[in-house]
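Data first, discussion second: the structure below is written as structure tokens.
Nothing in this text is a laboratory measurement; each read-out follows from the coordinates by a stated rule. These figures come from a predicted structure and were not determined experimentally. Cβ placement follows ideal geometry from the backbone for every residue including glycine, while neighbour counts extend to all protein chains displayed.
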Amino acid sequence: MQKARRPLVLDAFAGAGGFSLGFQLAGCSILGAIERDAWASETFAFNHPEAKVLVTDIERLSDSEILQTFGDPRPFIIVGGPPCQGFSVCRQHSGDPDDPRNSLFEEFIRLGALLSPELLILENVPNLIKAKTASGEAVIEIICRELQHLGYSVEFSILEAVDFGIPQIRKRLFIVASKLVLLSSFPAPTHSSDSSANLFSASLRTPTLWEAISDLPSLAAGQGSEEMEYPGPSQNEYQTQLRQGSTILFNHKAMKHSKRIVERFSTMKCGESGTDVPAHLKPFARNGNGTISGKVYDQNNRRMHPDRPCHTIPAAFYANFVHPFANRNFTPREGARLQSFPDWYVFKGKPTVVSHKLLAREERWDEKFLCQYNQIGNAVPPLLAKALATHLLSQIEGSLDTSVRTWPESASEREPSAKIHQLQVQEVLAGNSR
């Protein structure tokens, strides 16, 4: 019997595309994405040249526009991380701001109602489980009930990235809504970061931070570039896996630091942060004419341990972590390695930007987008998404072709089609009001 086409995936609130990339690595095809941010959309379009990328607020899309773009063929799976709180500021009449029906979750539900995929999969922060509305109702119960009203069976669980071979401590909530009969919605852990546990179990060992990045070019502050050569061969299985399909290293450019900051970092041991440095090297107070600040944030600029998984990579990780050996912060590519992005995945836009409030105040609209660090830190780790996708697809009848995609040998072989999509992104941007 001839096998059916690979399952099609639509990524809503797509960001740079880590969530859907995991499903693609598991054997799916990416139908399209909806993402409002210009630089994140450009990243998605470049790395998924076959996808239809809509660069707009999902709330601006009419039902007919959604059906016209993604209704034929329709997606088999819709994934996304709709924010479930804090969006009622623009809808003051909506009532309780903690009610997910007053947030962008409502738009995710609309996609499900219009396109009726077999699977709807949401990702969010673990604390969503604890959230309650003003009336005391659990937010997670409202979400599950809304999905059940669409005819889905619903399960949710918190997955830990290190349990699936990702060198980063990162817990995320996943909600799987299915019209299929599944034995289970979530995969069992395959890895452990506890080296002693590996001696007595079948678990594989999760790579350490240094094992994830040790093959990358050694850089001092301000060094590196958007494209570099590898200095040598990969040194372990994790590096080999993420190098597959890439002959050039992208986005490995270190931030520029003042001599004083480099000196500050040089005094820090692994595990120490700005609170542990000598007093004369602590940050200056803002507009304080050279006086030392009385506030030093312990979570900023902490030197990471090389022999452990990294702490959670946040959206602003360029200021959160110091390299375990070099006196500088991480590069975007080092963050991407810790998030499990393959090296061929290119991040567009500027590496960093100044405060979005300042950009808005100065009307620098062409810079008020998600920089490379933001895109990487906001993403679902692709290998975590792949583990979930592989588990779900393994329970679907064998009529689906879920063989792993073969990637071109280098990014340059994808460039012609990627350029076409970049032009399409710019055309969409030109038609949108800011």
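Results, tabulated for the structure shown:
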{"quantity": "Computed magnitude of the charge dipole of region 209-376 (debye, nearest 20; Cβ of K, R +1, Cβ of D, E -1)", "calculated": "720"}
{"quantity": "Under Karplus coefficients 6.51, -1.76 and 1.60, residue-wise ³J(HN,Hα) of region 157-164 in Hz, glycine/proline x", "calculated": "7, 9, 10, 9, 4, 5, 6, 10"}
{"quantity": "Sites Ser62 and Arg145 - FRET efficiency at Förster radius 25 Å, r taken between beta-carbons, to 0.05", "calculated": "0.45"}
{"quantity": "Size of charge dipole - region 152-242 - debye, nearest 20, with Cβ of Lys, Arg +1 and Asp, Glu -1, no other charges", "calculated": "460"}
{"quantity": "Residue-wise HN-Hα coupling along region 249-257, computed from phi with Karplus coefficients 6.51, -1.76, 1.60 (Hz; x: Gly, Pro)", "calculated": "9, 10, 6, 9, 10, 7, 5, 7, 10"}
{"quantity": "Ranked packing of 276-285, 66-75, most packed first, by mean Cβ within 10 Å", "calculated": "66-75, 276-285"}
{"quantity": "Overall form of region 209-376 per C-alpha gyration tensor (a/c, 1.5; a/b vs b/c)", "calculated": "oblate"}
{"quantity": "Calculated from backbone phi, Karplus (6.51, -1.76, 1.60) coupling profile of region 370-385 in Hz, x at Gly/Pro", "calculated": "7, 6, 4, 4, 4, 4, 5, x, 7, 6, 6, x, x, 6, 6, 5"}
{"quantity": "Diffusion constant of region 140-279 at 4 °C, which comes from Stokes-Einstein with the Kirkwood Cα-pair radius and 1.567 mPa s, µm²/s", "calculated": "67"}
{"quantity": "Selected from Thr247, Asn236, Gln375, residue furthest toward positive end of dipole (region 209-376; charges at beta carbon)", "calculated": "Gln375"}
{"quantity": "Inter-probe distance in nm under a simple model that places probes 7 Å from Cα toward Cβ, at Lys256 and Val125", "calculated": "3.3"}
